[in-house]
1. Could you give the length gained on full extension between Lys72 and Lys38, defined as 0.36 nm per residue of separation minus the Cα-Cα distance, in nm?
2. Where a Cα-Cα gap under 17 Å defines reach, which lysines qualify for Lys58, not counting those fewer than 8 residues away within the same chain?
3. Magnitude of the Cβ-charge dipole of the chain, K/R +1 and D/E -1, about the Cα centre, nearest 20 debye?
4. If you count only protein heavy atoms with a 1.4 Å probe, what accessible area per residue comes out for the chain, rounded to a whole Å²?
5. Please enumerate, by chain and number, the aspartates and glutamates with C-alpha under 14 Å from the C-alpha of Lys71, excluding those fewer than 8 residues away in the same chain.
6. Considering only protein heavy atoms and a 1.4 Å probe, what is the carbon-and-sulfur percentage of the accessible area of the chain?
7. Can you tell me which of Gln130, Gln96, Gln68 moves the most in a GNM of the chain? Springs connect C-alpha atoms under 10 Å apart.
8. What nm distance separates the two modelled labels at Gln130 and Gln116, each placed 7 Å from Cα along Cα→Cβ?
Amino acid sequence: MMRQDAWTEEEDMLLAETVLSFVREGGTQLRAFEEVGKKLSRTAAACGFRWNAYVRKKYEQELEVAKQQRKKKKEPQTPERDMTLQDVISFLQTLQQRGEGQQEIERLREQVWTLQKEKEALEKQLQAVQQEYQAVMHILERARQLSV
């Protein structure tokens, strides 16, 4: 069973093609997300989240080529003062969605901290065993010397 809001391959391709086109032509990704959102009846934030979470990874090389093509055209970037209120809202929604990933990052940080504490405890145990081993070897050496 497929979720109603699940992304299809065709939607992913449309998203990728639109974003790459906007990058090539000197436009912003936010505007590309708005354009795709209109076509797919999705929010620009949802398109931005899908791009950053999944699609972008599949198109890294194409994105680099698009950026190089943009540089060759030497078109200036759109100044921030030309951003619309919708651009700002879309950007903030994208940031909010990324915040969900922060919970996962925090969980992983806690796991790393726990593993570091376990490692420190094991290192202390190892040091104690090594000291005991050295003591036993010293006793055996003295016993060997006494028996000779």
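1. Taking Lys72 through Lys38 to full extension adds about 9.3 nm, to one decimal.
2. Excluding near neighbours in sequence, the set is Lys67.
3. Details: 25 positive and 25 negative charges, 83 e Å.
For the chain, the charge dipole is close to 400 debye.
4. Accessible area per residue: 79 Å².
5. Glu25
6. Using a 1.4 Å probe with all protein chains present, the chain comes out at 55 percent carbon and sulfur.
7. Gln130
8. Placing both labels 7 Å along Cα→Cβ, they lie 2.1 nm apart.
The values are calculated or read from the model by the stated rules, or taken from the named source; none is laboratory data. Please read these numbers as outputs of a predicted model, since none were measured by experiment. Note that each Cβ is placed from the backbone with ideal geometry, even for glycine, and that neighbours are counted across all protein chains shown. When the accessible area is computed, the model is the full protein with side chains, heavy atoms only, and any ligands, DNA or RNA have been set aside. Shrake-Rupley method; radii C 1.70, N 1.55, O 1.52, S 1.80 Å.
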